[in-house]
1. If I ignore ligands, DNA and RNA and count only protein heavy atoms, how much of PHE18 is accessible to a 1.4 Å probe, in Å² to the nearest 10?
2. By how many nm would the segment from GLU62 to ILE7 grow when fully extended, if each residue of separation counts as 0.36 nm and the alpha-carbon distance is taken off?
3. If you rank SER72, SER2 by how much accessible surface each has, with a 1.4 Å probe, what is the order from largest down?
4. Which whole-Hz ³J(HN,Hα) couplings does the stretch 10-24 yield from phi under the Karplus relation 6.51 cos²θ - 1.76 cosθ + 1.60, θ = phi - 60°, glycine and proline marked x?
5. From Cα pairs below 8 angstrom and at least 6 apart in sequence, can you work out the relative contact order of the chain, rounded to a whole percent?
6. Place a +1 charge on the Cβ of each Lys and Arg in the chain and a -1 charge on the Cβ of each Asp and Glu, then give the dipole magnitude about the Cα centre in debye, rounded to the nearest 20.
7. Within the accessible area of the chain, what % is carbon and sulfur when the probe is 1.4 Å and the other protein chains stay in place?
8. Any idea which of TYR57, ILE41, ILE7 is furthest toward the positive side of the dipole for the stretch 1-70, if Lys and Arg beta-carbons carry +1 and Asp and Glu beta-carbons -1?
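The values are calculated or read from the model by the stated rules, or taken from the named source; none is laboratory data. All values derive from a computational prediction rather than experimental measurement. Here Cβ is always computed from backbone atoms with ideal geometry, including for glycine, and neighbour counts include all displayed protein chains. Surface accessibility is based on the protein's heavy atoms, side chains included, excluding ligands, DNA and RNA. Shrake-Rupley method; radii C 1.70, N 1.55, O 1.52, S 1.80 Å.
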Amino acid sequence: MSLQKYIIEREIPKIGTFERDQLREAAKASNAALAKIGPDIQWVESYVADDKTFCVYLAKDEAAIRRHAEVSGFPANKITEVRNIIDPTTAAD
């Protein structure tokens, strides 16, 4: 089974003000949901902004992302499948 990369935008008011312990508890909740769902989804990392997180996941499909949101209790306001990746080295000949 091949996993696709997704960016999930989660609207969480004031998440940018959360202390380390609060972020740790959020990560634990996410990990517990992942353990329940199984191998169809993996959390890579998340970027925390003022009122949103941008989470990078590998998943079988969008349904696995929605299932994680349902089980974890975290919103998945926007789910975008990554089609390609570029970086500074992409410009090289």
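1. Surface open to solvent at PHE18 totals about 70 Å².
2. 18.7 nm
3. Descending accessible area places them as SER2, SER72.
4. Once θ is set to phi - 60°, the couplings for the stretch 10-24 become 10, 8, 10, x, 6, 4, x, 9, 5, 7, 3, 4, 5, 5, 4 Hz.
5. Once normalised by length, the contact order is 43 percent.
6. It works out to roughly 300 debye.
7. Whole-percent figure for carbon plus sulfur exposure: 51.
8. Of the candidates, ILE41 comes out farthest on the positive side.
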